[in-house]
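A short worksheet on the structure shown next.
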Amino acid sequence: MEIYCDNAATTALDPEVIEAILPFLTQNFGNPSSTHWAGRKVKDAVVDARKTIATLLNTSPDEIYFTSGATEAINLAISGAIVTYEISHVVTSKIEHKAVLQTIAQHEKEGDIETSFVKLDERGNVDLYHLENLLRANPRTLISLMHGNNEIGNLTDIQAISKLAQRYNAIFFTDTTQTIGKQWIDLSQTPIDFLVGSAHKFHGPKGVGFIYINKKHRIKAQIFGGGQEKGQRGGTENVIGIVGLAKALEVAYRDLDANHSKVCKLKQYMVSKLAISGVHGICYNGESHSLENSLVNILNVSFPCLADGSLVKSLDSIGIAVSGGSACSSQGSSHVISALPCQKDKENVRFSFSKFNTFDEIDHIVQAIVSIYKAGPISQNQSRFHFELTH
Ligand code: PLP
């Protein structure tokens, strides 16, 4: 039995998305820049996709630009803002995605900017007082703070940050890769300068995403070419991806309440099952087991270390796909967990659910965890954790 419980890394295509993109894999193959019938057919699809996304975020289509995914969109937002507005100070946090941290680090290395890391509390929440002090001391700062954390699920109060940004004339970019399609974002109510989305996080295709650029900005492009995307991003549009992206977002927002409630129940169920599993020393990272303060699809759990091997690998060996930290940092200890004050000496496992997961699968996962701890001793240096199994 194969179980996929790593939906923060990527998600399966929705059948409705597959249906929507099929004609663009077959008969609708034109280049949207061509002025003949074949081009016009696909150009209309790109125009419609842009409208769909704009409507769902309550903004206008000319503020949506297609990219190859969130990483590219993040690079465009951060580098575009720094270069265009000669920004010399950036505020971010230690638990942002590497696409954000590496882009900022590169600008710092090149001497363009200084970076301030906003203080986080022990659960990884942004200290808004510290943020305000940083903004007060540094006019025209670029703020880059994510909306939903991809490892521990923490949700950030983007409304409050948006207000601070306005008060101190800062530019506000928020990485919404994990929240687009899962949280309502009304851009007419929450002024934001840039945000990003990636289709494969909400049951769309991989390699396609978008950036929202508030209409007051026109930033320096990172990819130059034939003037596509109004010159903000050159290159022939990924029509198949764009059609799939728009369909996936439409379906995600149409079914948001039902999916939210289902996934919420899955998370609660897993927490309740782990509580009676008999595996002691389990705790939760960040806000991940709070239903209000975190994404309902992410549960980041600390387990006692196994003396031999890893829990993530043992689960994989029996067909259960979960992640140790972020899929992007599977080679080492996660920078997100390292930025939090606890749980460094434990094995941190991220379970991330989708509408396609079932309660039976959760039962199966918890049973598998119990069997693994029953079969393998835990590490000696974990002996302070009382460990027993209920049968
Ligand atoms: N930002 C966050 C919070 C993410 O979770 C991810 C994906 O892991 C990215 C950015 C990068 O997205 P993409 O895979 O579209 O480049």
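Summing -39500 (n - 2.57) over the DSSP H runs of n ≥ 4 in the chain and dividing by its residue number, what mean residue ellipticity at 222 nm do you reach, to the nearest 500 deg cm²/dmol?
-11500 deg cm²/dmol
Comparing Arg167, Arg50, Arg123, which has the greatest mean-square fluctuation in the GNM of the chain with Cα pairs linked when under 10 Å apart?
Highest fluctuation of the listed residues: Arg167.
If you count the DSSP beta bridges with both ends in segment 62-177, what percent of them are antiparallel, to the nearest 5?
Within segment 62-177, antiparallel bridges account for around 20 percent of the total.
Take the alpha carbon gyration tensor of segment 1-96, find the square roots of its eigenvalues, order them as a ≥ b ≥ c, and report rounded if a/c is under 1.5; if not, report prolate when a/b exceeds b/c, else oblate.
Taking the square roots of the gyration eigenvalues as a ≥ b ≥ c, segment 1-96 is oblate.
Sort out for me the Cα centre separation of segment 253-267 from segment 81-124, rounded to whole Å.
Each part's Cα centre sits 33 Å from the other's.
Please compute the contact order of the chain in relative form: average sequence separation of alpha-carbon pairs under 8 Å and at least six residues apart, divided by the residue count, as a percent.
Dividing the mean separation by the residue count of the chain yields 22 percent.
Report the extension gain between Glu122 and Lys51 in nm, rounded to one decimal, defined as 0.36 nm multiplied by the number of residues separating them, less their alpha carbon distance.
Separation in residues times 0.36 nm, less the Cα-Cα distance, equals 21.5 nm.
Order by neighbour count: Met146, Met1, Met270, fewest other Cβ atoms within 10 Å first, most last.
Ordered by Cβ neighbours within 10 Å, fewest first: Met1, Met270, Met146.
Let me spell out the model: positive unit charges on the Cβ of Lys and Arg, negative unit charges on the Cβ of Asp and Glu, origin at the Cα centre of segment 1-152. What dipole size does that give, in debye rounded to 20?
Dipole magnitude for segment 1-152 comes out near 420 debye.
What does the charge count near Asp112 come to, summing +1 for each Lys or Arg and -1 for each Asp or Glu among other residues with Cβ under 15 Å from its Cβ?
Local charge sum for Asp112: -1.
Residues with amide H under 5 Å of Ser294's amide H, sequence separation 5 or more or different chain, H placed in the peptide plane at 1.01 Å from N; which?
Placed amide hydrogens put Leu155 under 5 Å from Ser294.
Any idea which of Gln178, Ala137, Gly244 is furthest toward the positive side of the dipole for segment 15-254, if Lys and Arg beta-carbons carry +1 and Asp and Glu beta-carbons -1?
Gly244
Give me Rg over Rh for the chain, both radii from the alpha carbons and Rh done the Kirkwood way, two decimal places.
0.99
Among the DSSP beta bridges whose two residues both lie in the chain, what percent are antiparallel, rounded to the nearest 5?
60
Which FRET efficiency value, to the nearest 0.05, is calculated for Lys206 and Ala339 with the Förster distance at 30 angstrom and r the Cβ-Cβ distance?
For Lys206 and Ala339, the calculated efficiency is 0.60.
Which residue fluctuates the most in the chain, going by a Gaussian network model with Cα springs under 10 Å, if the choices are Leu76, Leu145, Leu315?
Leu315
What ranking do Ser261, Ser323, Ser68 get, fewest neighbouring Cβ atoms within 10 angstrom at the top?
In order of increasing Cβ crowding within 10 Å: Ser261, Ser68, Ser323.
Ranking Lys41, Lys51 by Cβ neighbours within 10 Å, fewest first, what do you get?
Final ranking by Cβ density, sparse to dense: Lys51, Lys41.
Name the long-range amide H neighbours of Ile171: under 5 Å, sequence gap of 5 or more, or other chain; modelled H, no Pro or chain starts.
Thr141, Leu142, Ile143
Calculate the spin-label point distance for Tyr129 paired with Phe359, positioning each point 7 Å from the Cα along the beta-carbon direction, and give it in nanometres.
The answer from the label model is 4.4 nm.
Using the structure shown, list the pairs from Lys247/Lys346; Lys265/Lys374; Lys109/Lys216; Lys215/Lys265 with a Cα-Cα distance above 31 Å, or answer none.
Lys247/Lys346; Lys215/Lys265
Using the Cα gyration tensor of segment 256-375, with a ≥ b ≥ c the square roots of its eigenvalues, what is the shape: rounded (a/c below 1.5), prolate (a/b larger than b/c) or oblate (neither)?
Oblate, since a/c reaches 1.5 and b/c is not below a/b.
Going toward the positive end of the dipole of the chain, with +1 on Lys and Arg Cβ and -1 on Asp and Glu Cβ, which of Gly319, Met146, Val196 do you reach last?
My answer, from the dipole projection, is Val196.
What list of ³J(HN,Hα) couplings, whole Hz, do you get for segment 99-105 from phi and the Karplus terms 6.51, -1.76, 1.60, once you set θ to phi - 60° and write x for glycine and proline?
Residue by residue, segment 99-105 yields 4, 6, 4, 6, 5, 5, 4 Hz.
No solvent, one uniform scatterer per C-alpha: report log10 I(q)/I(0) for segment 223-269 via the Debye equation at q = 0.13, 0.17, 0.33 1/Å, two decimals.
These q points yield log10 I(q)/I(0) values of -0.52, -0.65, -1.01.
Taking R0 as 51 Å, what FRET efficiency do you get between Asp308 and Lys220 from their Cβ-Cβ distance, rounded to the nearest 0.05?
According to the calculation, E is roughly 0.45.
Estimate the FRET efficiency between Arg136 and Ala275 by the formula 1/(1 + (r/R0)^6), using the beta-carbon distance for r and 51 Å for R0, to the nearest 0.05.
0.70
Quick note: the coordinates plus some simple rules give every number you see, no bench work behind them. On a predicted model such as this, the values are computed, not experimentally measured, just so you know. Backbone-built Cβ (ideal geometry, glycine too); neighbour counts: all protein chains shown.
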